[in-house]
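Single-structure report; data block below.
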Amino acid sequence: MKYHHQNLSQRMAFAGLFVLLLPILSPHLFSPLSRSYPSLFSEWNAPKPRHLPLLKAALDRHIPVRQKNELWSPLPYQGWKPCIEPTTIHTLPTKSQGYIQVFLDGGLNQQRMGICDAVAVAKILNATLVIPHLEVNAVWQDTSSFADIFDVEHFIDTLSHDVAIVKEPPSDYWWSTREYYATGIRAMRIKTAPVHGSADWYLENVLPVLQSYGIAAIAPFSHRLAFDKLPPNIQRLRCKVNFHALTFVPHIRVLGDALVNRLRHPFEKFHTSGTGFLKDRMNDTESEGSGKFVVLHLRFDKDMAAHSSCDFGGGKAERLALAKYRQLLWQGRVLNSQFTDEALRKQGRCPLTPEEIGLLLAALGFSNSTRLYLASHKVYGGEARISALKKLFPLVDHKKSLASAEELAKVDGKASLLAAVDYYVSLQSDIFISASPGNMHNALVGHRAYLNLKTIRPNMVMLGPLFLNKSMEWPEFQDAVLSGHKSRQGQIRLRKESQSIYTYPIPDCSCQS
């Protein structure tokens, strides 16, 4: 009996030690903000396909040649051309009102919009802009600066006739740093900039600070400039910044070009050595050089899944895990959680799963030989969740499948730089499609509209009820998808009042011809 108690005590001790060490050995299972990893439940209880009859039919689909040709054909000219130069040319005033600093939070694409707004505000105030400061992302802990992502010299040169820009404040203002403004209330810091503030607000509230102190720091500065009631020249300047002044640093462009080249010129054989990657191609023919590819931005991460409050087929364990995560991050402040899964799907509020986006692509006419590049390829649920998509489209690639560790060394582990590579590749693709709206979706929809490039926008309101109908057969599903997406492939949409100029750049950034 004594031996039994000792043995039991030892087992309990080992079990306790294992529980203590598990967070150290596998920290991602216990970190509420570990968004780059799938949850424990989603890995161990991988959901089965939710639309198996459609999936089986899609695997045997036949696509008419005419449908393929229409799908891959470029957008016709739609009567608009880029217009970014001001209607009235003005030289820069000889005397600046002072220096403007802005501190930008959010991810890459949110910061990109903030940079454009900062240039516009500097123009409105006749101020000199200090290269914007990018805040450290709270989740990814990415410390990348403006100069780590964007070509500073190109940025300054492109805007040299529009706005004065400096890399750092002059020595007289050496103290004007992010740390300085974080340690107390400062008269030079503007904390009250309203969301979508007007030009008059900046003239009335920021200009006096500039005139008094010679410098003004605006923080926070995200969505702080209105989209409406601004002079046409200011709107065109925002477009000039977004589409021409903001280019990525050379090593991002070089890596992006290499990925695009490998997507357009598929290799029949690969040579690898250690961490090295293919250095030469074999059996590369001229016909392969005409290869086309689609960029798919899945955006099916844990945040998206939890915040949507939708059911994704992972069973009770997954629902509980997402509910706990949702409560931890948003403390119940999620409107969708008040609705049932069916109601949310009918309203088009549920992000498409990899399986559903695969069925959408198949119904649109993409064959199983289509080359897909996954932007932001880490998916909630891991490989199990993406397996149905890969059955439909075996030629799936992403950064790490196309590039070597050495090539990725400068960007690996840096969320903003990785996003920049994906943005660059997305802009070069024949077709871009995003499974769910978001900052990257909005930025690329606008950029590709400006360049008249094909971009497919899923009709979420139509697709929700389709996927709820478990008796629908493939021909009916395909007809509904084709009908619902005829006008969602990059056709010009004029910006309406209060809509973002970065998502809808026409007519502000273009002229009819």
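Every number in this text was worked out from the coordinates using simple rules, so none of it is lab data. Bear in mind the structure is a predicted one, so any value in this text is a computation, not a measurement. Quick reminder, even Gly has a Cβ in these numbers, built from the backbone with ideal geometry, and neighbours come from all protein chains shown.
Table for the structure above
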| read-out | value |
| --- | --- |
| Zero-based 5 Å bins, Cα pair distances in the range 99-247, whole percents | 2, 9, 20, 25, 22, 15, 6, 1 |
| Among V163, L255, G382 the positive-end extreme of the charge dipole of the chain (Cβ point charges) | G382 |
| Ranked packing of 314-323, 231-240, most packed first, by mean Cβ within 10 Å | 231-240, 314-323 |
| Inverse mean reciprocal Cα-Cα distance (Kirkwood Rh) of the range 311-418, Å | 16.5 |
| In the range 56-162, chymotrypsin sites (Phe, Trp or Tyr not before Pro) in a DSSP loop with at most 16 other beta-carbon atoms within 10 Å | Y77 |
| Label assignment, Cα Rg over 2.2 N^0.38 Å derived from the structure, set (i) 1.09; (ii) 1.03; (iii) 1.13 | (i) |
| In degrees, nearest ten, helix 354-364 long axis to first principal axis of the chain (Cα) | 80 |
| On Cα atoms only, tilt of 474-484 relative to the major axis of the chain in degrees | 10 |
| Between helix 250-264 and the chain: long-axis angle, C-alpha atoms, 0 to 90°, nearest 10 | 40 |
| Ordering of 218-224, 472-478, 59-65 by burial proxy (mean other Cβ atoms within 10 Å per residue, highest first) | 218-224, 472-478, 59-65 |
| Antiparallel content of DSSP bridges confined to the chain, in %, to 5 | 15 |
| Over the chain: helical MRE at 222 nm, DSSP H runs n ≥ 4 each giving -39500 (n - 2.57), nearest 500 | -12500 deg cm²/dmol |
| Nonlocal amide H pairs with L225, under 5 Å, H built at 1.01 Å | H196, G197 |
| Amide H within-cut-off set for S510, under 5 Å, with H built and near neighbours excluded | C83 |
| Relative packing of peptides 192-204, 363-375, 406-418 - highest average C-beta neighbours within 10 Å first | 363-375, 406-418, 192-204 |
| In sequence order, calculated HN-Hα J values of the range 112-124 (Karplus, 6.51, -1.76, 1.60; Hz; x Gly/Pro) | 4, 5, x, 4, 4, 5, 5, 4, 5, 5, 4, 5, 4 |
